[in-house]
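The values are calculated or read from the model by the stated rules, or taken from the named source; none is laboratory data. If you're wondering where the values come from, they're calculated on a predicted model, not measured in any experiment. Cβ sites come from the backbone with ideal geometry, for glycine too, and all protein chains shown count toward neighbours. Each accessible area value is taken on the protein alone, full model and side chains, heavy atoms only, with ligands, DNA and RNA left out. Shrake-Rupley method; radii C 1.70, N 1.55, O 1.52, S 1.80 Å.
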Amino acid sequence: MHEAEPSEAVPYYEDMAPGTGALPPRAWWAVSDARRVSLGGDWRFRLSPTAQARDDSFAQPGYDAAGWDELPVPSHWPLHGHERPAYTNIRYPFPLDPPHVPTENPTGDHLRMFDLPDDWPGGAAVLRFDGVDSCARVWLNGTELGTFKGSRLPVEFEVGELLRPRGNVLAVRVHQWSSGSYLEDQDMWWLPGIFREVTLIERPEGAVTDFFVHCGYDHATGNGTLRVDCEPGGTVTVPELDLDIPTGEQVVVAVEPWTAELPRLYDAELATEGERIPLRIGFRSVAVEDGVLKVNGRRILFRGVNRHEFDPDHGRVLDQETMRDDLLLMKRHNINAVRTSHYPPHPAFLDLCDELGMWVVDECDLETHGFQEIGWRGNPVADERWTPALLDRAARMVERDKNHPSVVMWSLGNECGTGAGLSAMASWIRDRDPARPIHYEGDLSCADTDVYSRMYANHAESELIGRRAELPLADAELDKRRRDMPFLLCEYAHAMGNGPGGLSEYQRIFETYERCQGGFVWEWIDHGLRRRTADGTAYYAYGGDFGEELHDGNFVCDGLVFPDRTPSPGLVEYKKVIEPVRIEGDPERGLVTVVNRHDFADLSGLAFSWSYEVEGVAGDGGRFTVPPTGPGESALLDLPPMPRSPGPVEAHWTVRAVLAEDTAWAPAGHEVAWTQFAAADRAVGGQGTVSRAHRGAAHSPRPADDGTVVLGPGTFDAATGTLRRLGGARVHGPRLDVWRAPTDNDRGMPWHHETRLDLRWRESGLHRMQHRVVGVAVGGDTLTVTTRVAPAAADRALRTVCTWSATGDRLRLDVAVTPEGEWRLPLPRLGVRLGLSPGLESVEWYGGGPGEAYPDSRAAARIGRWRSSVDALQTPYVRPQENGARAEVRWAELRGGDGSGVRIEGAPAFWLTARPWSTEALDAAEHTYDLVRSDTLWVHLDHALHGLGSASCGPEVLPAHRLDAAPAAFSFTFVPLDATNGPERPEAPAPSDQEQQ
Ligand code: GAL
């Protein structure tokens, strides 16, 4: 039992101080000619339930650890069968009792024996830990080296004198909880362990202790400045620039600058008496000028993401390949910026950012969000006893990462409220590195920062800020200062589940207001941990799946890529919305405007081409020659003369910009930007539908003896008017449907009831609408079925009139919906759903594709002919929810293996969703393994859908994308397809069809 007050003696893991025995922090470099030994691999491991359960005799040479387990290093022990992961967002999973931690404090003893290489020279050496969560005590050959905290920050100990040629014993005791845990309340899994490399590095006499590359670029002269400060002194050579200069000396030389778009690096070498270090130098200057953040004199626009380090099997243990994959995937999706939420990443990641080109906001390993739960009482950043720990963290980040051109801003941390500790960090950083602006979001006064940063400000507020017309701060001086700052959204567009919606509207604001310099989508990756059910089915686990006492469910899965890094539809949308080249067609005038929205690059790296598509089938195509077009400039291109179309059909132009040559991040031909626009001669737009020529005469409904009514290919239940058969196939429905399995964004923020649209939907019964048949009328050429669709316990309804008619093999349904009573909530969807044979597994459609789209996330859908299996139409969100809609579908054909099936045409175009389970099953599912194929293929033909928004943490659906109940009319035509009907080919409709549409 500890009765100690913080000022009294507490064990080192509860001490607010950062640690003992470490060397001063310094730059990180991947290689030099000094030898190094990786101490990764299999270590011996023993877990204890408390920090003091065992003595430290294990650290002594000769200790017999034969009975211990083995554990790979780097790793998190809960991912290797010891204890379990736990997830909380804001709340600490232990009592707020700083700096004390629970007595139940899982403690992992790690042991590693190692020999030195035969040619190890002896002398000084350091032992470096790149990341240990959350607190460690270290011994080498029985001698204690010290203790440290600061999970995502490096620490080094001098060990030369302790090393032996053979049989060295490295012992590390790691505590899951420490005073440091109070500073590390990031929204992520709690995962203790030695999760980054452990390395022994030779320090020869005269080796580099530390160095600082100061590089600038003067856009007015085209000159770069270079000075490398180094301890001890030495020389810097840059062969390409013919430079060979002493450290400490500044030179000015004509260079090509470094930017995220054109990441020009110069190979260099730093040499001191004892060590040679290869450097890669990028010349660039960052400044806030005239209220704008500029690099090399130009305003930049962040097309960013927040990146946590995550792997579904290894947690925050990432290999180089995964880091590179992340960056390649980002670059290929037009992303140009990363905020390293909420801690400095693996140091090698920043080398890759330098190389591939990425603006980086490097964030300190600091978050105390859980103190908000108690009104920020006792917040460490406002308690000076913690200031040394905060300064230690700031220094360890800045010293480690200061030599990266990609790092353009330092961030003090995330969600720590306000306090003098943050100011102390800011002033230390400013003093050490005046060349980079400082970011922090949590203090609205911006007292310590150079930029005004917010998270999840909605569109309207962002626009107000863009006009520098936001509500004032109480303090006039601070207000003036802040109003003069550039603005960025360090988090926006919460990418949880299906979404985010509203990206295009944000981008318009960023491109309109100079002050709005873009943002960082929250976040890059879903942190779902890969697990298997008893029968071996793989799935992703989230909060609560490990029996946590407190947890925040699937809030940990809110990324643009799935846990295995498969892009989600949200990423595909983001790529389109942020494309750095805007292409606009003007078919009336036969022109295409290309706007170069790069900040630095001209268009010479891109090849532009056009194609002309008739009914979604590409016909003629060719290339454009684009004149030299600098950043911010536009070019006008002439469309070729319109190709002859086979009659009055719907046609589109598609113009694409692809990489002209291979780059470091994608091959030649990779698509960067595109646009599509309707050809001028036919104003069909998004609503157009081209149907087949009517075949045969109109039918009249024929009542039969068996209680059915036959109308063309349709057989109906005479009493209810329900369609039972289409051609030879059984069908269920169609009937009016308004429900969707709520998305994470529909579910809002669990802790804010008023954001929970799903609950209000359920309260008003939208998931249990009843259908009362008001009347079935057979008359003339039609069968008319009137229904009143309404929830129990309410008097509001959707009166629905379905009018059926048939011509030849075509069965047409006209639906008219009239809301009755008071409808305050938006409808999730408005359309019909029908059940078909589960054998119809392949889908071809003409409309938006290839991927999923929703009203406020549809920029990436292009009109074409697409094919997919039903399975591939499903988007496997980690927590199942509404997904898979395809936009603007003119027609779709669903077929079985023998080619038979059904064709559905819509007037106007419709949203198509087909899934092997019902909405009810999707709604009930908590994990992907809950979704079991049913004996029906459920097909939704929607006239309209409610948008997605990003209310899981941010704005709700914008008014333009809200689906309010209102009178609506829409129709579908069903055509049975038999096995002999070949694949659909574009067909010129008869002129009479045109008139009917
Ligand atoms: C922010 C926070 C992030 C994450 C996000 C919601 O408040 O900075 O770490 O929690 O909300 O997913």
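Across the range 193-206, which residue is nearest to the ligand (Cβ to nearest atom) among those that are part of a loop (DSSP other than H, G, I, E, B) and open to solvent by 10 Å² or more (accessible area, probe 1.4 Å)?
E197
Take the range 937-961 and flag every residue that is open to solvent by 10 Å² or more (accessible area, probe 1.4 Å) and farther than 29 Å from E754 by Cα.
W938
Which pairs have Cβ atoms under 6 Å, sit 6 or more apart or on different chains, and link a residue in the range 834-862 that is open to solvent by 30 Å² or more (accessible area, probe 1.4 Å) to one that is modelled with pLDDT of 95 or more and among the acidic types (D, E)?
From the range 834-862, the pairs are P838/D935; A859/E573.
Could you check the range 433-536 for strands (runs of 3 or more DSSP E) lying wholly inside it with 1 or more residues that are crowded, with 24+ Cβ neighbours inside 10 Å and small (G, A, S)?
Strands (runs of 3 or more DSSP E) meeting the threshold: 452-455, 516-521.
Among R483, R531, R468, which is the only one that is in contact with a strand residue (DSSP E or B) (Cβ under 9 Å, 6 or more places away or on another chain) and at positive phi?
Details: R483 fails: at positive phi; R531 fails: at positive phi.
None of the other options fit; the residue is R468.
Can you say whether D55 is assigned to a loop (DSSP other than H, G, I, E, B) and free of Cβ contacts under 8 Å to residues at least 24 places away in the same chain, as far as the supplied structure shows?
yes
Would you call Y506 in contact with a Ser or Thr (Cβ under 8 Å, 6 or more places away or on another chain) and over 18 Å from P85 (Cβ atoms)?
yes
Out of (1) within 16 Å of the ligand (Cβ to nearest atom); (2) of a type in the set (S, T, N, Q); (3) in a loop (DSSP other than H, G, I, E, B), what's the single condition that is false for N554?
Result: N554 fails condition (3) only.
What are the residue pairs meeting all of these: first residue in the range 348-367, first residue closer than 30 Å to A382 by Cβ, second residue among the aromatic types (F, W, Y), Cβ atoms under 7 Å, and 6 or more apart or on different chains?
Here the result reads D362/W410; E363/Y343; D365/Y343, each pair linking the range 348-367 to a residue that is among the aromatic types (F, W, Y).
Applying the selection to the range 69-93, what residues are in contact with a Lys or Arg (Cβ under 8 Å, 6 or more places away or on another chain) and crowded, with 17+ Cβ neighbours inside 10 Å?
L71, V73, P74, H76, P78
Would you check if A969 is open to solvent by 60 Å² or more (accessible area, probe 1.4 Å), closer than 23 Å to R810 by Cα, at pLDDT 95 or above and outside any loop (DSSP other than H, G, I, E, B)?
In short, yes.
Quick one: in the range 565-590, which of the residues that are in a loop (DSSP other than H, G, I, E, B) and over 12 Å from the mean Cα position of the chain (by Cα) is surrounded by the fewest Cβ atoms within 10 Å (Cβ to Cβ)?
E588
What number of residues within the range 267-295 are over 28 Å from G518 (Cβ atoms) and assigned to a strand (DSSP E or B)?
So in the range 267-295, the residues over 28 Å from G518 (Cβ atoms) come out as 267-279.
From what's left, assigned to a strand (DSSP E or B): 267-271, 276-279.
The total comes to 9.
Can you pull out every residue in the range 416-432 that is in contact with a helix residue (DSSP H, G or I) (Cβ under 6 Å, 6 or more places away or on another chain), within 24 Å of G304 (Cα to Cα) and either within 16 Å of the ligand (Cβ to nearest atom) or part of a loop (DSSP other than H, G, I, E, B) (or both)?
Result: C416, single match.
Could you list, ordered by first residue, the pairs with Cβ atoms under 9 Å in which the first is in the range 751-772 and free of Cβ contacts under 8 Å to residues at least 60 places away in the same chain and within 27 Å of G721 (Cβ to Cβ) and the second is open to solvent by 50 Å² or more (accessible area, probe 1.4 Å) and in a strand (DSSP E or B), at least 6 apart or interchain?
Q770/R788; H771/R735; H771/R788; R772/R788
Among the numbered conditions (1) farther than 30 Å from W751 by Cβ; (2) assigned to a loop (DSSP other than H, G, I, E, B); (3) touching a Pro at 6+ places or on another chain (Cβ under 9 Å), tell me where A887 comes up short.
The single condition A887 does not satisfy is (2).
Do we have any residue at all in the range 552-564 that's within 22 Å of the chain's Cα centre (by Cα) and open to solvent by 30 Å² or more (accessible area, probe 1.4 Å)?
yes
In the range 297-314, how many residues are of a type in the set (A, V, I, L, M) and under 12 Å from the mean Cα position of the chain (by Cα)?
Here is the first cut: in the range 297-314, the ones of a type in the set (A, V, I, L, M) are 300-301, 305.
From what's left, under 12 Å from the mean Cα position of the chain (by Cα): 305.
Selection size over the range 297-314: 1.
Is there a residue in the range 278-298 that is open to solvent by less than 30 Å² (accessible area, probe 1.4 Å) and more than 30 Å from E523 (Cα to Cα)?
yes
In the range 174-192, is there at least one residue being among the aliphatic types (A, V, I, L, M), open to solvent by 10 Å² or more (accessible area, probe 1.4 Å) and over 31 Å from the mean Cα position of the chain (by Cα)?
Going residue by residue through the range 174-192, those that are among the aliphatic types (A, V, I, L, M) are 174, 183, 188, 191.
Filter once more, so that each one left must be open to solvent by 10 Å² or more (accessible area, probe 1.4 Å): none.
No: the range 174-192 contains no residue that is among the aliphatic types (A, V, I, L, M), open to solvent by 10 Å² or more (accessible area, probe 1.4 Å) and over 31 Å from the mean Cα position of the chain (by Cα).
Would you pick out the residues in the range 615-648 that are open to solvent by less than 30 Å² (accessible area, probe 1.4 Å), part of a loop (DSSP other than H, G, I, E, B) and hydrophobic (A, V, I, L, M, F, W, C)?
L639
Among the residues of the range 916-936, count how many are open to solvent by 50 Å² or more (accessible area, probe 1.4 Å) and in a loop (DSSP other than H, G, I, E, B).
4
Can you say whether P437 is within 19 Å of the chain's Cα centre (by Cα) and not hydroxyl-bearing (S, T, Y), as far as the supplied structure shows?
no
State the number of residues belonging to the range 311-321 that are open to solvent by less than 20 Å² (accessible area, probe 1.4 Å) and either under 21 Å from W665 (Cα atoms) or away from the ligand (no atom under 16 Å from the Cβ) (or both).
The total comes to 3.
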